[in-house]
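Undergrad: The structure's right below; bear with me while I get my questions together.
What follows draws every value from the coordinates through simple rules; no lab data is involved. On a predicted model such as this, the values are computed, not experimentally measured, just so you know. In this analysis, Cβ positions are derived from the backbone assuming ideal geometry, glycine residues included, and neighbour counts consider all displayed protein chains.
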Amino acid sequence: MSRQTIGTVAKAAGVNVETIRFYERKGLIQQPRPVSTSFREYPAGTVERIRFIKRAQDLGFTLVEIIDLLKLSDGEYGTRADVKRLAELKLGSIRQKIADLRQMETTLHDLVCQCSGRGKVPGCPIIEALISPDPTEINKDKR
């Protein structure tokens, strides 16, 4: 078995060395154990743990949420129901963000349709909506 130095772990996990150091500082992965050489060796399973963290981040989990997932994964506490609850909370949060983005898209689309794209900037419905003190004004038809 080859040594699990920071470089080999980073390459195998598809991250850079600074990511590994960041995870160490945050307590997401164990500090490597010193060996007789000048290198420090990471424990077995470090690459899989880093992949777990990266996949969880890709799904939108925060580092705090990932710490909870890691504790559950490590068997420190909890049940599958706890894992499912965390995933359901994240799913709800993602769905809310999607709804917010759809509303933003609709509002911006409406503003783009209201602007002729001709003439000088003063009176532009997009600019007027952005400087309006009433955020509900953005959704009003200004054609």
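Undergrad: Going by C-beta contacts inside 10 Å, put ARG85, ARG49 in order with the fewest on the left.
TA: Working: ARG85 12, ARG49 20.
If I rank by nearby Cβ atoms, fewest first, I get ARG85, ARG49.
Undergrad: Using the eigenvalues of the Cα gyration tensor, what equivalent ellipsoid semi-axes result for the stretch 1-78 when each is taken as the square root of five times the eigenvalue, whole Å, largest first?
TA: Numbers: eigenvalues 102, 38, 22 Å².
Semi-axes (√(5λ), whole Å): 23, 14, 11.
Undergrad: Also, quick follow-up: Using Cα atoms only, what is the angle between the long axis of helix 80-114 and the major principal axis of the chain, expressed in degrees (0 to 90) to the nearest 10?
TA: The angle comes out at about 30 degrees.
Undergrad: Just subtract the alpha-carbon distance of GLU76 and ILE131 from 0.36 nm times their residue separation and send over the number in nm, one decimal. Spell out each step's value before the answer.
TA: Details: separation 55, 0.36 × 55 = 19.80 nm, distance 5.19 nm.
The span from GLU76 to ILE131 would gain 14.6 nm if fully extended.
Undergrad: Roughly how big is the chain's charge dipole about its Cα centre, with Cβ charges of +1 (Lys, Arg) and -1 (Asp, Glu), in debye to the nearest 20? Provide the component values of the computation, followed by the final result.
TA: Details: 24 positive and 18 negative charges, 91 e Å.
I would put it at about 440 debye.
Undergrad: Separation between the GLN30 and HIS109 pseudo-spin-labels, each 7 Å from Cα along Cα→Cβ, expressed in nm?
TA: Using points 7 Å along Cα→Cβ, the separation is 5.3 nm.
Undergrad: Full-extension gain between LYS54 and ALA99, please, as 0.36 nm times their residue separation minus the C-alpha to C-alpha distance.
TA: Details: separation 45, 0.36 × 45 = 16.20 nm, distance 2.52 nm.
The span from LYS54 to ALA99 would gain 13.7 nm if fully extended.
Undergrad: OK, next. Just from its helices, what would the mean residue ellipticity at 222 nm be for the chain, if runs of 4 or more DSSP H residues each count -39500 (n - 2.57) and the sum is divided by every residue, rounded to the nearest 500 deg cm²/dmol?
TA: On the way: 6 runs with 83 residues, N = 143.
Only helices count here, giving -18500 deg cm²/dmol.
Undergrad: Across the chain, how many lysine pairs, 8 or more positions apart or on different chains, have C-alpha atoms separated by under 30 Å? Please give the number.
TA: 21
Undergrad: I've got another one for you. Calculate, for THR62 and LYS84, the FRET efficiency according to 1/(1 + (r/R0)^6) with r their C-beta to C-beta distance and R0 22 Å; round to the nearest 0.05.
TA: Working: r = 18 Å, r/R0 = 0.81.
The calculated FRET efficiency here is 0.80.
Undergrad: Need one number for the stretch 8-143: average projected area of the convex hull over its C-alpha atoms, nm².
TA: Working: hull surface 55.0 nm².
Mean projected area of the Cα convex hull: 13.7 nm².
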